[in-house]
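Colleague: Right, I'll just put the structure down here and ask away after.
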Amino acid sequence: NAGESASLNTFAHATMLLGQTDESLEAALLSVQLCGVDGATASAVLAFNCLGMSYCWSGMFDKAAASLETAVLLAARCEPPMSAYQPKLNQLFVESMRLANERYQTTAMPALAHMSQLVRECRQLERSDEELKFMPGMLPMARTISLAMKLLWAAWQRDDENAGIYAERAMGSLGGAVTWLDALVHWGLAEFAWMRGDWAGAEAALGEMKSCAVSVEHEKLACL
């Protein structure tokens with residue numbers, strides 16, 4: 001079951017990035033079903049984490065948040081307990097996507113209280129003595145994702161000083177090869193430029209965001 005669940009998670013992640021959300025959700029739901037009989041296990045945590053992100057890229061933000069909260073709760077119940085950092089960081093990512101979507105639908109920036117709470121919780125985990133290792137390959141990406149999310153948060157709060165700090169750190173965390181993380185960071189840079197009224201800078205950053213996303217076939221970020 002654990003091996004089959006892991007395979008379904010991989011397939012779900014690949015298809016969600018390619019924009020094939022129906023296939024992604026089907027695979028993620030099957031993965032959760034496979035793990036359901038075993039209770040609080042590492043496989044179950046990873047399956048609910050994957051399901052949460054599949055829901056996120058499908059635009060179902062409430063279901064995404066609920067699935068990730070289940071992953072957080074299961075992580076605490078594992079023997080020994082697992083780090084909740086990955087699903088918690090993904091909760092922050094989902095909230096940023098929800099806010100961007102709501103702003104697009106209503107033309108007004110929604111309240112940032114929940115995002116602020118998630119930023120605080122992620123910081124607490126990052127500053128704790130807890131080993132953050134969770135999923136193979138996650139830690140090299142986690143710093144960039146965290147910085148990009150905090151850049152968005154600071155920009156949306158019109159906190160120019162901290163947004164500038166996070167922008168510099170996020171750009172510095174990128175590697176040489178272009179990945180979806182480059183697109184994510186350029187989203188943050190665009191929001192920072194937007195906050196300052198730098199329309200040309202915002203347009204340039206969004207153009208670079210789309211170019212990076214298209215080059216690595218990240219359909220959803222390209223659409224965003």
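The values are calculated or read from the model by the stated rules, or taken from the named source; none is laboratory data. Since the model is a prediction, treat every value here as computed from it, not as a measurement. FYI the Cβ positions are ideal-geometry reconstructions off the backbone, even for glycines, and counts take in every protein chain you see. Accessible surface is based on the protein model in full, side chains and every heavy atom, while ligands, DNA and RNA are left aside. Shrake-Rupley method; radii C 1.70, N 1.55, O 1.52, S 1.80 Å.
Colleague: Determine if segment 66-77 includes at least one residue that is surrounded by fewer than 16 Cβ atoms within 10 Å (Cβ to Cβ), in a helix (DSSP H, G or I) and polar (S, T, N, Q).
Modeller: no
Colleague: Also, I was wondering about something else. Just checking, which of Gly59, Gly36, Gly52 is touching a residue at least 40 places away in the same chain (Cβ under 8 Å) and either part of a helix (DSSP H, G or I) or open to solvent by less than 10 Å² (accessible area, probe 1.4 Å) (or both)? Don't jump to the end; show me each part of the working.
Modeller: Values: Gly59 fails: either part of a helix (DSSP H, G or I) or open to solvent by less than 10 Å² (accessible area, probe 1.4 Å) (or both); Gly36 fails: touching a residue at least 40 places away in the same chain (Cβ under 8 Å).
Result: Gly52 is the single residue among Gly59, Gly36, Gly52 that is touching a residue at least 40 places away in the same chain (Cβ under 8 Å) and either part of a helix (DSSP H, G or I) or open to solvent by less than 10 Å² (accessible area, probe 1.4 Å) (or both).
Colleague: Can you list the helices (runs of 4 or more DSSP H) lying wholly within segment 150-224 that have 1 or more residues being surrounded by fewer than 17 Cβ atoms within 10 Å (Cβ to Cβ) and in contact (Cβ under 8 Å) with a residue 60 or more places away in the chain? Explain how you work it out, then say what you get.
Modeller: Numbers: elements: 160-172, 180-195, 199-215, 219-223.
In segment 150-224, the matching helices (runs of 4 or more DSSP H) lie at 219-223.
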